[in-house]
Amino acid sequence: MRGCKVIIDSDLANLYGASTKRLNEQVKRNKERFPDDFMFQLTSDEKAEVVANCDHLRKLKFSPSLPYVFTEYGSIMAANVLNSQQAIHVSIAVVRTFARLREMIAAHKELAHRLAELEKKCDVRFSAAFTAIRRLLPDSTRKHKKQIGFTAK
C-alpha cells in the first residue's frame, strides 16, 4: 500500500494476542509514537482492494470503519504500546527476522557484484555458466533490461 510493505491492524492484533479494538485504542492513546511512516489509515478504495486480494479479510468488507495498516516500524512500536508478554516475544522475533532479511539481501548484492566482476575478467566461453548462475539469484540482484513500450497505470 502506497509503496510500503504493511500489515493490517486485525492481523497485527492477532499476532500480538490482542483484539483489533484494543490495538487501535492503544495506538490512539499513543498517537505521537505513530507518525505517517509507521502507520496510516486506508482509504475506502484501498480497503476494497485489500478485501478483494486477501480472502481472510472478507468480513472487513462489511465493516463501516476504515482499517489501519502498520509498516515494519509501526508494528514494532505497536508491541511497545500493547506491552503484553506475547507482544514482546513477537516483536523480538520480528526484529530478528527483519535483521536477518537485511543480511541476506546484502549478501546477495555482494554475490551479484562479485559475479559481475568475475564475468568481466573471463572470456566468452563462460557466458553460459554466468547466465545460469544469474538465473539462480533473486530478482533484486539481477540486472533488469529497460522496458520497451508503455506501462499501464
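Hey, which aspartates and glutamates would be in cross-link range of LYS109, C-alpha to C-alpha under 12 Å, not counting anything within fewer than 8 residues on its own chain?
Those aspartates and glutamates meeting the cut-off are ASP139.
Decide, for the stretch 1-59, between rounded, prolate and oblate: order the square roots of the alpha carbon gyration tensor eigenvalues as a ≥ b ≥ c, take rounded if a/c falls under 1.5, and otherwise choose prolate if a/b is larger than b/c, else oblate. Present the calculation step by step, with values, prior to reporting the outcome.
Details: a/c = 2.07, a/b = 1.27, b/c = 1.63.
Oblate is the answer for the stretch 1-59, as a/c is 1.5 or above yet b/c matches or exceeds a/b.
Please state the charge dipole magnitude for the stretch 7-83, taken about the Cα centre, from unit charges on C-beta atoms (+1 on K and R, -1 on D and E), reported in debye and rounded to the nearest 20.
Magnitude of the dipole: close to 440 debye.
Using 1/(1 + (r/R0)^6) with R0 = 41 angstrom and r between the beta carbons of THR43 and LEU118, what's the FRET efficiency to the nearest 0.05?
Computed FRET efficiency for THR43 and LEU118 comes out at 0.25.
For ASP9, ASP36, which order do you get if you count the other beta carbons within 10 Å of each Cβ and list the fewest first?
Fewest-to-most ranking of ASP9, ASP36: ASP36, ASP9.
If I take R0 = 25 Å and measure r between the Cβ atoms of ARG96 and CYS4 in this structure, what FRET efficiency does the formula 1/(1 + (r/R0)^6) give, to the nearest 0.05?
0.75
Within a Cβ distance under 14 Å of ARG29, other residues only, what is the Lys/Arg minus Asp/Glu net charge?
Here the count lands on +3.
Could you give me D for the stretch 40-98, from Stokes-Einstein at 25 °C and 0.890 mPa s, where the hydrodynamic radius is the Kirkwood radius over C-alpha pairs? Units µm² s⁻¹, please.
189 µm²/s
In the neighborhood of VAL81, defined by Cβ-to-Cβ distances under 15 Å, what is the net charge if each Lys or Arg adds +1 and each Asp or Glu adds -1? Mind dumping the intermediate values first?
Working: positive: LYS21, ARG22, LYS28, ARG29, LYS31, ARG33; negative: ASP9, GLU25, GLU32.
With Lys, Arg at +1 and Asp, Glu at -1, the net is +3.
What is the gain in length, in nm to one decimal, between ILE105 and LYS59 on full extension, counting 0.36 nm per residue of separation less the C-alpha to C-alpha distance?
Gain on stretching ILE105 to LYS59: 13.0 nm.
No lab work stands behind these numbers, since they all come straight from the coordinates. Source: prediction; values computed, not measured. Counting neighbours? That spans all protein chains shown, and the Cβs are built from the backbone with ideal geometry, glycine included.
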